[in-house]
Structure formats: structure tokens, C-alpha cells
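Each remark here refers to the structure printed beneath this line.
The values are calculated or read from the model by the stated rules, or taken from the named source; none is laboratory data. In this text, all values refer to a predicted model and were calculated from it rather than measured experimentally. Here Cβ is always computed from backbone atoms with ideal geometry, including for glycine, and neighbour counts include all displayed protein chains.
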Amino acid sequence: MDTLSQFKDELEAEYQTTRKFFEAYPEGKNDFAPHEKSMKMMPLATHISEIFGWPDTMLKTSDLDFAKGDYIPKNLSTKEDLLKVLDENYESSQKALNNANEENLNDSWALKNNGQEVAKWSKYGSIRHSLNQITHHRAQLGVYYRMNNIPLPGSYGPSADHQSF
């Protein structure tokens with residue numbers, strides 16, 4: 001089985017879809033949130049753009065420890081920033097997948113907080129989780145768009161805003 005090739009294809013498909021969503025990103029709505037417990041729109045979109053870099057990080061490390069400052073979220077403010085970070089992270093993860101071999105996917109990778117494991121997977125499992133996170137959070141962003149009357153790009157076919165029949 002050529003898992004790496006499948007990951008590269010899936011990452012590219014998710015990138016193309018996410019890029020369409022970011023090209024539709026509305027200026028002036030960065031602080032919109034549908035509920036007080038929800039992320040605001042720009043931090044949510046920023047998070048999505050950063051997830052595209054996770055396969056690169058996961059293939060090059062054995063863990064990420066939040067308490068040690070291994071990860072500091074970016075503070076983006078414009079559509080152009082989103083697209084730039086998305087493009088950079090997509091490219092770095094595609095390069096990492098190109099340089100990996102199937103055996104690398106068996107190694108462990110963990111999320112930690114001050115040395116304590118919060119979650120642990122094989123690198124295959126962690127990359128699969130990151131791809132699922134892209135889909136999940138982009139769907140959230142779609143709800144934000146819908147609530148602001150922003151036409152939704154199609155994800156896995158046309159959206160109600162872009163039907164061709």
C-alpha cells in the first residue's frame with residue numbers, strides 16, 4: 001500500500017478546497033463568532049491554515065509540548081495572510097511527505113502538556129487526524145460563512161450556492 005501517495009493526494013485535494021474558502025474570506029468579519037464559546041472567524045481560519053503544516057511537523061518530530069512553547073499560534077489579520085500561510089504550510093507538508101518513507105509512518109507521535117501525554121498516535125494516525133481536523137474546521141468555517149450570507153464554495157461537489165443543474 002502506498003500510504004504516502006494517498007496522503008499527498010488527499011492533502012492536495014483539501015488544500016484546493018480550503019484555498020477556495022480562503023479566497024472567499026470576508027474582510028471586516030475577523031471577530032465574528034456564532035456563540036460566545038466559539039472561536040472568532042479569523043482565529044478559526046488561521047488554525048485551519050496552520051493544520052496544513054502538521055504533517056511536516058509530525059514527520060520531523062516525535063511530539064509537541066504546548067507548555068514548553070513548542071507551538072505558538074499565529075496572529076493573522078488578512079485574507080492575504082491566510083493564503084500565504086496556507087500555501088507555505090501545504091508546500092512544507094508535501095515536501096515532508098515526498099521525503100518520508102512508509103516505515104516513518106509507524107513511529108509514534110504525541111501531543112503533550114508539560115511532559116504529560118494528552119494524545120498519542122502512530123505518525124500515520126497523527127497525519128490522518130490532522131487531515132480530519134482540516135475537514136472538521138473548514139465545515140465550521142462554512143457555518144460562519146452561511147450565517148453571514150457569504151456564498152459557500154463547493155467542497156466535495158457543488159454547494160447550494162454553486163449548483164450547475
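Pairs are defined by a Cβ separation below 7 Å, a sequence spacing of at least 6 or placement on different chains, a first member in the stretch 111-137 that is free of Cβ contacts under 8 Å to residues at least 24 places away in the same chain, and a second member that is surrounded by fewer than 15 Cβ atoms within 10 Å (Cβ to Cβ) and of a type in the set (Gly, Ala, Ser); the pairs so defined are 120/108; 122/108. Given the structure, is residue 65 more than 17 Å from the chain's Cα centre (by Cα) and either touching a residue at least 60 places away in the same chain (Cβ under 8 Å) or farther than 23 Å from residue 153 by Cα (or both)? Spelling it out, residue 65 is indeed more than 17 Å from the chain's Cα centre (by Cα) and either touching a residue at least 60 places away in the same chain (Cβ under 8 Å) or farther than 23 Å from residue 153 by Cα (or both).
A Cβ distance below 9 Å, combined with a sequence gap of six or more or placement on separate chains, defines the contacts here; from the stretch 140-165, residues that are surrounded by 12 or more Cβ atoms within 10 Å (Cβ to Cβ) reach residues that are of a type in the set (A, V, I, L, M) and modelled with pLDDT under 95 in the pairs 142/152; 145/152; 146/152; 152/160; 159/152; 161/152; 162/152.
When the stretch 125-135 is filtered for residues that are under 12 Å from the mean Cα position of the chain (by Cα) and either surrounded by 13 or more Cβ atoms within 10 Å (Cβ to Cβ) or at pLDDT below 95 (or both), the ones remaining, listed by number, are 127, 128, 129, 130, 131, 133, 134, 135.
Applying the set (1) out of contact with any His (no Cβ under 7 Å at 6 or more places or on another chain); (2) crowded, with 18+ Cβ neighbours inside 10 Å to residue 48 leaves exactly one unmet item: (1). Pick from 141, 83, 97: which is at pLDDT 95 or above and farther than 30 Å from residue 26 by Cα? Matching residue, one of 141, 83, 97: 97.
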